[in-house]
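Presented below is the structure to which this report refers.
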Amino acid sequence: MSNKTYKPEWQPENAGKEYASFVMPGVEINPTVKKTYKAKKVKLTVDEYVKGVLEQNITIFSKTITLIESNSEEHIKIGQEVLKKILPYTGKSVRIGITGSPGAGKSTFIEAFGTYLCKQGLKIAVLAIDPSSTITKGSILGDKTRMEMLSREPNAFIRPSPSGGALGGVTRKTRETILLCEAAEYDVILIETVGVGQSEVTVRSMVDFFMLLLIPGSGDELQGIKKGVVELADLLIVNKADGTNVEKAKVTCHQYSMALNMLQPATQGWKTHAVTASALTGKGIPEIWTEINRFVDTTKRLGVFDQRRRQQTLEWVYTIIEEELRKRFFNNPDISAVLPEIEKNVLSGELTPTNAVNQLLNIFFKNQ
């Protein structure tokens, strides 16, 4: 062992004892000895991923979802091979979408509802679509910490949406994660929309049953909820119907029930209606699950359930085509070279938008 002390790099060469910091002597490492402490990452094969998902190995299952969420070309290729092999084991869950006005208590409701289902012996997966993360680069992971009771359930799995991704990308990954959850035999998949606007339509396009959470109070202007969002719902839930809110919740529920009589039902053969519930006390939660089961039984008997699933799968195909074409178009080097000039000409009024599009498409298809 050397008795020499070493000065940090930030100390001047001729520094005296005015510096309190110095490096204590230690054991000198033989430079010929190789470092062996670094653990080597184990790469799983496609079959190992598939086996882990089907056997419900939570570690491999989580790794498979991470693989699916990756934007790496290599990971996307492996992920698609995994999905192809697990596809025969999918399709047996009930997919439920949940949205709501700000302050409606979505996270509390999901925890109460998910915990109730777990107590019934069902396996529950909670997924989230968060297009707002494209701006904040944030994640809904915070909701996982708020759902403390549900996250402790052995039959529950909570997964945040990939942060920083475009809505289309998040949608693809959520759809593929749904398939993985079904292959891992999760009975109910809850998909929460965290953002606003287009995300509700997106969630509706990948679920069987869509719920809209509302706040007790006046029904003026439908609480600012767009009519289009109400038209997407199979069930309206006036949450927080507890304490002094009970009567207000009943009034709000009645007002929405009246409004629904003037709207087209979201699902053929099913009449959308409004109910009250309290995620805090659990009141109304069992009845909501009963309604969902009645919906599934009714729509399956009418053939609507399977028809919607098939239509959603085709819509998924067309959405992927649109996304891929858009990506290839804007990544094309010829387009990148002329786009700034064309944009400038459009903004200056020298070129109409239609002519700009025609020019760009001609350039794009020229070398295809």
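Some notes on this structure:
- Cβ pairs under 8 Å, 6+ apart, first in the stretch 237-258 and surrounded by fewer than 22 Cβ atoms within 10 Å (Cβ to Cβ), second charged (D, E, K, R) and not in a helix (DSSP H, G or I): Asp242/Lys283
- Thr290 falls short on exactly one of the conditions (1) surrounded by 12 or more Cβ atoms within 10 Å (Cβ to Cβ); (2) closer than 30 Å to Lys119 by Cβ, and that condition is (1).
- Selection status of Glu185, under 19 Å from Arg95 (Cα atoms), at pLDDT 85 or above, among the charged types (D, E, K, R) and surrounded by fewer than 20 Cβ atoms within 10 Å (Cβ to Cβ): yes
- Given (1) outside the structural domain of Thr202 (by TED's automatic domain parsing); (2) touching a Cys at 6+ places or on another chain (Cβ under 6 Å), index of the condition Gln311 fails: (2)
- Long-range neighbours under 7 Å by Cβ, at least six apart or interchain, first residue aromatic (Phe, Trp, Tyr) within the stretch 355-368, second part of a loop (DSSP other than H, G, I, E, B) and surrounded by 16 or more Cβ atoms within 10 Å (Cβ to Cβ): Phe364/Asn332
- The one condition in (1) part of a loop (DSSP other than H, G, I, E, B); (2) surrounded by 12 or more Cβ atoms within 10 Å (Cβ to Cβ) that Glu350 fails to fulfil: (2)
- Residue pairs whose Cβ atoms lie under 9 Å apart, separated by 6 or more positions or on different chains, with the first residue in the stretch 315-338 and over 18 Å from Ala356 (Cα atoms) and the second at pLDDT 95 or above, do not occur.
- Residue that is surrounded by the fewest Cβ atoms within 10 Å (Cβ to Cβ) [pool: residues in the stretch 315-347 that are within 29 Å of Thr171 (Cα to Cα) and among the aliphatic types (A, V, I, L, M)]: Val317
- Scan of the stretch 266-305 for residues that are part of a strand (DSSP E or B) and touching a Phe, Trp or Tyr at 6+ places or on another chain (Cβ under 7 Å), ordered by number: Ala274
The values are calculated or read from the model by the stated rules, or taken from the named source; none is laboratory data. Just so we're clear, the structure is a prediction, and the values are computed from it rather than from any experiment. A quick note on method: Cβ atoms are made from the backbone with ideal geometry, for glycine too, and the neighbour counts reach across all protein chains shown.
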